[in-house]
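None of the figures in this text is laboratory data; all of them are computed from the coordinates on show. The structure presented is a predicted model; accordingly, all values stated were derived computationally and were not measured. Here the Cβ positions follow ideal geometry from the backbone for every residue, glycine too, while neighbour counts run over all protein chains shown.
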Amino acid sequence: MTGATGAQLATLHAVGTGLVRASSRPLDDYVGRMLSGRTLRLGSRTSPMAMAQARHVAQLLTALAPDLQVEVVGIETSGDKWRGDLAELGGKGAFLKEIDRHLVMGAVDAAVHCMKDVPGDVPLPEGTVFAACLEREDVHDVAVFPAGSPYTSLAELPAGARIGTSAVRRKAQLLRYRPDLHVERFRGNVNSRLARLDAERRYAAVILARAGLHRVGMADRIGETLPLDLVCPAVGAGVIGIQARENDPGVVELLRLLDHEETRTHILAERTMLHGLQGHCNSPIAGHCTTTADGQLSLIGMVFTREGGQFAYAHEWDKPERAHELGAYVAVTLARKGARQIIAGIPH
């Protein structure tokens, strides 16, 4: 984060955010020399959305350095292959561990991730950092209805209607709004989920990320955009992060030029909160940081039981240069309101 002291940066690494200071320096001869003759390999999950994200990053990099060759390397992860409960594979980290291995061993030079899929309770592999956070996209969740459905909103659905979602966070909040619905686990990449939604006719709707549908060119399927006071986003929602090896300074310096400072500040606050809560993959945790009209940081944090019947809520403000402190304070406030007991009561 621009303006962070050495001590603050050390603290950021200590809390597991993996964030590094953004660079304001333009692409210069130093970076050019470090990357001369190289093909920059971007590691990515193989889902259509993940590959679209990686290609987007490749386009941004070649716009900065037209002579740079960028290759997207698809890596199938255990999380993508597994069709059961992610908790049995250790949670969201199942989407990262193979990509982490490729990065640490030098098979790729950088890795492209959805920041919402980066666990808060698992440290980054030693020697790696998130060198860039791209500008945040729309964080809203949306309801998608089967082709030909007579419904256009969740409010119209009859009692007992089945809703599909892969996120415990969404399930908890939906059941607070409509406890009469049946919300069931529905995993897979966006394309396959929509194909199943239309073919099986088992679900009245599925809940997906608005930004993800835009990334794969399927925004026309959006039926209803859910307001943020109904479904608070996941920590890191709408943000693409790019991870690199610290000892590869040419790549780190190049990636820093893609960094969006305000988004990085928001992510720092959210992930500090997430780390402080020490939740696991089955913990319904929501968190969203924004900048107010007067330049303050606003951070909302929420922790729910699986069915949404109980929850802890906190909303605090602070200066942008105190993003880490804000995240830590919200985590403590949530803990004081019973968040740790809620998390402890949810099976891993």
Next on the checklist: Net charge within 12 Å of VAL239 by Cβ-Cβ distance, Lys/Arg positive one each and Asp/Glu negative one each, not counting VAL239 itself?
Outcome noted: -3
Item to check | Relative contact order (%) - criterion: Cα under 8 Å, at least six apart; region: the range 276-344 | outcome: 32 percent
Item to check | Of LYS97/LYS337; LYS116/LYS171; LYS97/LYS319, pairs whose Cα-Cα distance is over 27 Å | outcome: LYS97/LYS337; LYS97/LYS319
Item to check | Kirkwood Rh and Cα Rg combined as Rg/Rh, the range 276-344 | outcome: 1.01
Checklist outcome for this item: Residue separation between THR225 and GLN310 times 0.36 nm, minus their alpha-carbon distance, gives in nm 28.1 nm
Item to check | the range 159-250: trypsin sites (Lys or Arg not before Pro) falling in loop per DSSP and having at most 15 other Cβ within 10 Å | outcome: ARG201, ARG202
Checklist outcome for this item: Subtracting the Cα-Cα distance of LYS97 and GLU184 from 0.36 nm times their residue separation yields 28.7 nm
Item to check | Estimated FRET transfer efficiency (ALA65, TRP317; beta-carbon r; R0 51 Å; 0.05) | outcome: 0.85
Next on the checklist: As an exercise, use a Förster radius of 30 Å and the Cβ-Cβ distance of GLU262 and ALA159 to find the FRET efficiency, rounded to the nearest 0.05.
Outcome noted: 0.10
Next on the checklist: Order these by the 10 Å Cβ neighbour count, fewest first: GLU137, GLU307.
Outcome noted: GLU307, GLU137
Item to check | Pair ALA344, ASN191: separation of 7 Å Cα→Cβ label points (nm) | outcome: 4.6 nm
Checklist entry - At a Förster distance of 22 Å, what's the computed FRET efficiency of THR291 paired with ASP138, Cβ-Cβ distance as r, to 0.05? => result 0.85
Checklist outcome for this item: With GLY295 itself left out, Lys, Arg at +1 and Asp, Glu at -1 over residues whose Cβ is under 15 Å from its Cβ give -3
Next on the checklist: What number do you get for the range 128-192 when its Cα radius of gyration is normalised by 2.2 N^0.38 Å, N = residues?
Outcome noted: 1.42
